[in-house]
Amino acid sequence: MPAAVYVVGVLLLACGVWAWLQDEEPHFAHEEAVYANKARFWLDGTPDAGWGLYRPVGLPALGRLALAVHDDVGALRAVALLLSLFTLAVVYLVAAQWLSRRRAVVVMLLLLSGLGFLRRLPEFLNDIGATGLLLIVVFLLVRTQEKKNSRALLLLPFVTLAAFYLRYGVVGNLLAITSAAVIAYGPRAWLAQGRRLGLAAVILVLGLLPHFVYATRTTGSPLGIIFWATDQAERRFIGDGLVYYIAIFPYRLAGDLGAVVMAAGLVAMAGAVRRLWRAHRAHGGELRAHDRRTAFLGMSAVLICVILGLATDGEPRFIYLSVVLLTVLGVSETADRVGHWASGVLAAIAVLTAVTVLGTAQVVAHGAMPGPERLGASTVPVARQLASDEPCLLVTGYEPEMGWYSGCDAVTYSQYRRMKPPPHTRVSLVLFERGRLQPGPAALKQLIGGRGTTTRKIPTRGAVGDATVITLH
C-alpha cells in the first residue's frame, strides 16, 4: 500500500483515541479552563478567571474562533485535536524528508503511543501544537545548510513567531536549538547566509515588537513576561526539572518500544558528535551532511531537556520535541543496524506500536485521568449551582474551573485580600472539606469583615468533598 494510506490510518487512530478519551475526562481541568475562560472573554465578555499576563495569547485566540462556531467544551477540545493532527502530519512530512516515507510512519506511531503524548492528546493545551511548529523550525535550519541557496531562512521567523505566540515556553526550546545549530554547523556556516540571516532577524524582531511593547507597559521590561512565566514554575530547587527528566527518561516519555528507539537515537547522536569533534580537531576536516544533521538533532534534544530542566519544573509535555527528534534518529539508527532486515523489523515495530497505542490509552484513561475528574466531581456541580446572570465573584482555590462552569469571575483567597470587588457584585466564598489554599477560621472571619452572610452546604461526590458557600451581603 502507498505510504499515504498508512498516514491516514495513523491520523484516524489518533482521532479515535481522542474521541474515546473525551468520555473519560469530560470536564476542563485547571490549565484548560484558564485558556477557555480567556477565549470566552474575547467572545462575549465573560470574566477571564485565572488568566495571568504570563499566559500566551495564541491558544485562546484559536479557542475564540471555535466558540463562535459552538459554545461548549467540545468545540475547544476539537481545537486540541486539530493541533495534534497538525503536529503528527508535520512529524511525518519532516521525517519523510530525512528518512523515508515508511520510516516516517513508524515515527508517527511511536510518538502517538507515548504515555506523555497521549495524556495530553484530548486536552485544550498548546504544547502539542507548539511542538509541530518547533519541528518546522528545526527542519528549516537543516534545509538552510543542506540545500545550496535555500530561502528557508526567510520562512523561519514566521514559524518562530507562531510558535512563540502559541506558547511562550518555546523560548527555552529555541535557545537550545540555536545553540545546537551553531555547534553542529559552526558560526561561519551561519554567517555565510549574510543577507538572508539579517533579513530573518529583522522580521523576527518586528514580529516580537508588539509583545515587547506590551511587556514593557505591564511589567516594566521587554522580557518581563518571559521571566514572569519562568517564575511560575513549581520547582523545589534549580535543576528540579532536569532531575525529573532524567528519572522518567525514556519510558515515561515514549513507552516501551519508544524508549528503546529513543535510546538508539542517543547512540546515533553520540557517534555523530564524536565524528564532529574529530573533524573539528582536524581543523575543518570533511564531515558528511548526514552526520552534522544527526549531531544537530541529537544535541537539540539533549539541550532542550537541560535548559528547560534548569529553567522550570519538569513535565513530559514541555519536551515533546526532544522525543520527536530522538525517535527520528532512533528509527534511522535501528534500520541501519539491522541492515537488510530493516523492512521486517520496522514493520514489526509499527504493528506492535499500533497495539501499544490502545494499551497506553487504557493506562491514560484509567490511571492518569481519574484524578482530575474526581476533582471536577466537586468543583463542577458547585460552580453550576452558583451560576448567575448578575455580576458574581467566586473566591476559591479552584478559580479557573469554577469560573468556566459558573460564568462568574473567580479569584483565589490571596487575590481577594488585595482587591476591592466591583459594586453590585455578589461575592461568594467557596470552601471545600479538603480544598487547597483556603483560609483558617480567623482569616475567614477577617475576610468577611462583619458583613451579613448566607451560608449553605452543597454536597458533592468529588475528591475534595462537600462545599460550604458563604455569600456576602
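The values are calculated or read from the model by the stated rules, or taken from the named source; none is laboratory data. Keep in mind the model is a prediction, meaning the values are calculated, not measured. Please note: Cβ atoms are built from the backbone with ideal geometry, for glycine as well, and neighbour counts cover all protein chains shown. In case anyone asks, the SASA skips ligands and DNA or RNA and just uses the protein heavy atoms, side chains included. Shrake-Rupley method; radii C 1.70, N 1.55, O 1.52, S 1.80 Å.
Suppose only helical runs count, i.e. DSSP H with n ≥ 4. What mean residue ellipticity at 222 nm does that imply for the chain under -39500 (n - 2.57) per run, divided by all residues and rounded to the nearest 500 deg cm²/dmol?
-22500 deg cm²/dmol
Enumerate the lysines that Lys457 could reach by cross-link, defined here as Cα to Cα under 21 Å, with residues fewer than 8 away along the same chain left out.
Output for Lys457: Lys445.
Going by accessible area, probe 1.4 Å, with all protein chains left in place, what is the ranking of Phe227, Phe28, largest first?
Phe227, Phe28
Would you mind working out the magnitude of the charge dipole of the range 239-395 relative to its Cα centre, with +1 at each Lys and Arg C-beta and -1 at each Asp and Glu C-beta, to the nearest 20 Debye?
With only Lys, Arg, Asp and Glu charged at Cβ, the dipole is about 740 debye.
With only Lys, Arg, Asp and Glu charged, each at its Cβ (+1 for the first two, -1 for the last two), find how big the charge dipole of the range 124-216 is about the Cα centre; round to the nearest 20 debye.
Numbers: 8 positive and 2 negative charges, 86 e Å.
Here the size comes out at about 420 debye.
Towards the positive end of the charge dipole of the chain, with charges on Cβ (+1 Lys, Arg; -1 Asp, Glu), say which of Val73, Cys392, Trp277 has the farthest Cα.
About the Cα centre, the residue reaching furthest to the positive side is Trp277.
Out of all DSSP beta bridges with both ends in the chain, state the antiparallel percent to the nearest 5.
Roughly 60 percent of the beta bridges in the chain run antiparallel, per DSSP.
Calculate the dipole size of the chain relative to its Cα centre from +1 charges on Lys and Arg beta carbons and -1 charges on Asp and Glu beta carbons; express the result in debye to the nearest 20.
1400 debye
What lysines sit close enough to Lys38 to cross-link, taking a C-alpha to C-alpha distance under 25 Å and skipping anything fewer than 8 places away on the same chain?
Lys420
Restricting to Cα pairs below 8 Å that are 6+ residues apart, what does the relative contact order work out to for the range 59-111? Please round to a whole percent.
Computed over the range 59-111, the figure is 22 percent.
Quick one: Cα convex hull volume of the range 47-138, Å³ per residue?
Numbers: hull volume 10.5 nm³, N = 92.
Cα convex hull per residue, to the nearest whole number: 115 Å³.
Percent of accessible area on the chain owned by carbon and sulfur, 1.4 Å probe?
62 percent
Just to make sure I understand: if all protein chains stay in place, what is the order of Cys15, Cys392 by accessible area at 1.4 Å, largest first?
Numbers: Cys15 40, Cys392 10 Å².
So the residues, ranked largest to smallest area, are Cys15, Cys392.
Counting only C-alpha contacts under 8 Å and six or more residues apart, can you give the relative contact order of the range 329-413 as a whole percent?
This gives 18 percent for the range 329-413.
Against the longest alpha carbon principal axis of the chain, how many degrees, from 0 to 90 and to the nearest 10, is the axis of helix 58-69 turned?
Taking the Cα atoms of the chain, the angle to 58-69 is about 60 degrees.
At 4 °C and 1.567 mPa s, what whole-number value in µm²/s does Stokes-Einstein give for the translational diffusion of the range 209-331, with Rh from the Kirkwood sum over Cα pairs?
79 µm²/s
Percent of Cα-Cα pairs per 5 Å bin, from 0 to the last occupied bin, for the range 329-473, please list those.
The calculated distribution, bin by bin, is 2, 9, 15, 16, 12, 8, 5, 4, 5, 5, 6, 5, 4, 3, 1, 0, 0.
Averaged per residue, what accessible surface does the chain expose to a 1.4 Å probe, in Å²?
On the way: 21590 Å² over 473 residues.
For the chain, the per-residue accessible area is 46 Å².
Restricting the calculation to Cα positions, tell me the Rg (one decimal) and the Dmax (whole number) of the range 5-46 in Å.
15.1, 44
Across 10 Å bins from the origin, how do the percents of Cα pairs in the range 1-106 run, short distances first?
14, 36, 26, 19, 5, 0
Per residue Cα convex hull volume for the range 143-232, in cubic angstrom?
Looking at the range 143-232, the number lands at 100 Å³ per residue.
If you rank Ser84, Ser100 by how much accessible surface each has, with a 1.4 Å probe, what is the order from largest down?
Order by accessible area, largest first: Ser100, Ser84.
At 37 °C and 0.692 mPa s, what whole-number value in µm²/s does Stokes-Einstein give for the translational diffusion of the chain, with Rh from the Kirkwood sum over Cα pairs?
So the translational diffusion coefficient is about 136 µm²/s.
What is the range 228-365's relative contact order, in percent, from Cα pairs under 8 angstrom and six or more apart in sequence?
34 percent
With all protein chains present, calculate the accessible area of Leu352 using a 1.4 Å probe and round the result to the nearest 10 Å².
100 Å²
Nearest 5 is fine: what % of DSSP beta bridges in the range 382-473 come out antiparallel, could you say?
60 percent
Give the list, by residue number, of cysteines in the chain with no other Cys Cβ closer than 4.7 Å, or say none.
Cys15, Cys305
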